[in-house]
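Chemist: Below is a structure I'd like to ask you about.
The values are calculated or read from the model by the stated rules, or taken from the named source; none is laboratory data. Fair warning: this is a prediction, and the values are worked out from it, not measured in the lab. Glycine gets a Cβ as well: all are built from the backbone with ideal geometry, and neighbour counts include every protein chain shown.
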Amino acid sequence: MGVDFLPVGEAAQVNETSAQAPPTDKQSLLDTLQQIHKTTCPHCTDATAHTQTVFGFGNPNASLMFIGEAPGIEEDAQGVPFVGPAGQKLDQIIGAMGLRREDVYITNVLKSMPLDNRTPLPTEVEQCGTFLKQQIDIIDPEVIVALGSPATKYLLNTTQGISRLRGTWGVYEKYPVLPTFHPAYLLRNYTTQVRQQCWSDMQLVIARLGL
């Protein structure tokens, strides 16, 4: 199936103290990080191609995290990652794994669309990457799936391409990383071989997570 998606005074004092305390739940931490990123990220504050930043979507307690390269035109319009044709393909892949989009966490290395929707530049990746690292640490997933070359090269600190690295486990800090093709590549090269390779990669993730 997968291949085919493929008391009042005291109470007031306690409440006041709680309001001043820093957030500890993951969603609140992500919301805080998103606001910091929106106003301080060198790439996203200087870039002129985007209408809004696209921070991430999904379950903040997810065991599985998908990381792509950057928002596209559809994502820039809606403010949600992977909602265009490539996002629909990713949803099919997630569904074939027995999961829903709401069960995982989805984001990109870059949080805003690059100029002319081009491939992210190394300097842009480094600027936004600082916030991705914090995002990953908050989610604390069991497995990261790197979608395509830019995400793979950043997470694994490599210059090798996705064709060589896909299907082979790597590590980003303490997190297991499985590189695979970007869904946009599947749309351009929807051959039996590519579908089988992608599904083989996802089976490794399924086995690792015990799904």
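Chemist: Pairs, please: C-beta under 9 Å, at least 6 apart or cross-chain, first residue closer than 20 Å to residue 62 by Cα and in the stretch 111-137, second among the basic types (Lys, Arg) and part of a helix (DSSP H, G or I)?
Modeler: 111/38
Chemist: Condition first: modelled with pLDDT of 95 or more and either farther than 28 Å from residue 207 by Cα or not in a helix (DSSP H, G or I) (or both). Now tell me which residues in the stretch 83-102 satisfy that.
Modeler: Correct list: 97, 98, 99, 100.
Chemist: Going through the stretch 149-166 one residue at a time, which ones are at pLDDT below 95 and farther than 19 Å from residue 127 by Cα?
Modeler: 160, 161, 162, 163, 164
Chemist: Can we say residue 77 is outside any strand (DSSP E or B), in contact with an Asp or Glu (Cβ under 9 Å, 6 or more places away or on another chain) and not basic (Lys, Arg)?
Modeler: Working: outside any strand (DSSP E or B): yes; in contact with an Asp or Glu (Cβ under 9 Å, 6 or more places away or on another chain): no; not basic (Lys, Arg): yes.
No.
Chemist: Tell me which residues, restricted to the stretch 38-63, are over 10 Å from the mean Cα position of the chain (by Cα) and at pLDDT 90 or above.
Modeler: As a first pass, look at the stretch 38-63 and keep what is over 10 Å from the mean Cα position of the chain (by Cα): 38-54, 59-63.
Hits for the stretch 38-63 are 54, 59, 60, 61, 62, 63.
Chemist: Going by the structure shown, is residue 119 closer than 20 Å to residue 179 by Cβ and at pLDDT below 95?
Modeler: Details: closer than 20 Å to residue 179 by Cβ: yes; at pLDDT below 95: yes.
Taking the combined requirement at face value, the residue satisfies it.
Chemist: Is it fair to say residue 128 is surrounded by 15 or more Cβ atoms within 10 Å (Cβ to Cβ), assigned to a helix (DSSP H, G or I) and in contact with a strand residue (DSSP E or B) (Cβ under 7 Å, 6 or more places away or on another chain)?
Modeler: No, not satisfied.
Chemist: Another question about this same structure. I need the helices (runs of 4 or more DSSP H) fully contained in the stretch 138-203, keeping only those with at least 3 residues that are touching a Gly at 6+ places or on another chain (Cβ under 9 Å).
Modeler: Working: elements: 149-156, 162-165, 183-188.
Per the criteria, 149-156, 183-188.
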